[in-house]
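The values are calculated or read from the model by the stated rules, or taken from the named source; none is laboratory data. Here the structure is a predicted model, which is why all the values come from computation and not from measurement. Note that we place each Cβ from the backbone using ideal geometry, even for glycine, and neighbour counts take in every protein chain shown. In case anyone asks, the SASA skips ligands and DNA or RNA and just uses the protein heavy atoms, side chains included. Shrake-Rupley method; radii C 1.70, N 1.55, O 1.52, S 1.80 Å.
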Amino acid sequence: MPAPIIEQDASLESVLEQNTHTLTWLLAYPFTQDLAAPFQAQQERWMAVDRQEILLWMDILKATTLVSVADEALDALVDAVANTILAEAGNDRSAPLYTLYFGNQRPSDLKRPVLGGQLETMRAWLPSLTGGSQALRALGEQLAAAIQKADAATAALAAAKQKNREFRTVGERKAFIDAQNALRKSTYGALSEMPHKHPDKRLPNTFADLFFKRLPRRKTAAEEPEPATAAELTAKIAEVEQQLAALKTRYTEVLAAEEVSAREKAQREADAAALTEAEKAAEALAARVTALRAKLGR
């Protein structure tokens, strides 16, 4: 049985585990130590590839954060534009300018997407804002700057994701795994000859298999389950559990970040709604005070 092929989407941690397993076995036998040097070199190459993968992931995280920052700035401008128009229109939500910008939506509805549709909607506001009142023109200038930053953040995120895709599909990560598989294949062939080259050592015909960990074989739904010994199943379970633990950790981190962002956005929307209601109540109260003073002649 040839050396198992490492899939391109295998985690780098599992690739390191495979390489270390083979390297350690090669160093364990004096007559196989000459085959160990390329695997040692692959250990060093793994460090560089892993660092590159981490840096690319960090670029995606940074760009994602800049998108959130840009979205926050646009959300603030949604509230500012809505409040300014209502102040100028006597709190009339049916005013033409208000319906032009918001239609039947509440400001909180427009703020719900993270950039995307919100960005394009607000981009369309620029011509009318620049031709509006002094307050709206000032907001138009702020919006133009905010849109420029949002566009840059969106482009940075797309570029970071594209670099990561290229790294994995045609770049150094793919080249590294291709080199691993080629080295494993040639080494397996050399090890398979050992029982014949060293008959005095009474090596089993499966000697080469000892140097390579078995990998779970990907099967179609139509295939029968692959026969396995208890030892092989134990090894597979351990590998899957390791991958699952890594996924759970990443899931927990992403979920926590999303929950914090969602709570903060929900709180901002609730505060904005409460402020709007409070302002309406204050205006009504002020109008009543004015009416009572007039009635009392004060």
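Of the helices (runs of 4 or more DSSP H) entirely within the range 91-152, none holds at least 3 residues that are within 14 Å of V78 (Cα to Cα), charged (D, E, K, R) and open to solvent by 50 Å² or more (accessible area, probe 1.4 Å). For D79, indicate whether it is under 36 Å from the mean Cα position of the chain (by Cα), in a helix (DSSP H, G or I), among the acidic types (D, E) and under 26 Å from A286 (Cβ atoms). It is true that D79 is under 36 Å from the mean Cα position of the chain (by Cα), in a helix (DSSP H, G or I), among the acidic types (D, E) and under 26 Å from A286 (Cβ atoms). When L61 is tested against (1) out of contact with any Lys or Arg (no Cβ under 9 Å at 6 or more places or on another chain); (2) closer than 17 Å to Q180 by Cα, exactly one condition is not met: (2). Number of residues in the range 155-203 that are part of a helix (DSSP H, G or I) and either open to solvent by less than 30 Å² (accessible area, probe 1.4 Å) or of a type outside the set (D, E, K, R) (or both) equals 31. Taken over the range 13-53, the residue count meeting the criterion of being farther than 24 Å from K201 by Cβ, free of Cβ contacts under 8 Å to residues at least 60 places away in the same chain and touching a Phe, Trp or Tyr at 6+ places or on another chain (Cβ under 8 Å) is 1. Look at the range 77-104 and say how many of its residues are under 18 Å from D271 (Cα atoms) and either touching a Lys or Arg at 6+ places or on another chain (Cβ under 8 Å) or not hydrophobic (A, V, I, L, M, F, W, C) (or both). Within the range 77-104, residues that are under 18 Å from D271 (Cα atoms) and either touching a Lys or Arg at 6+ places or on another chain (Cβ under 8 Å) or not hydrophobic (A, V, I, L, M, F, W, C) (or both) number 5.
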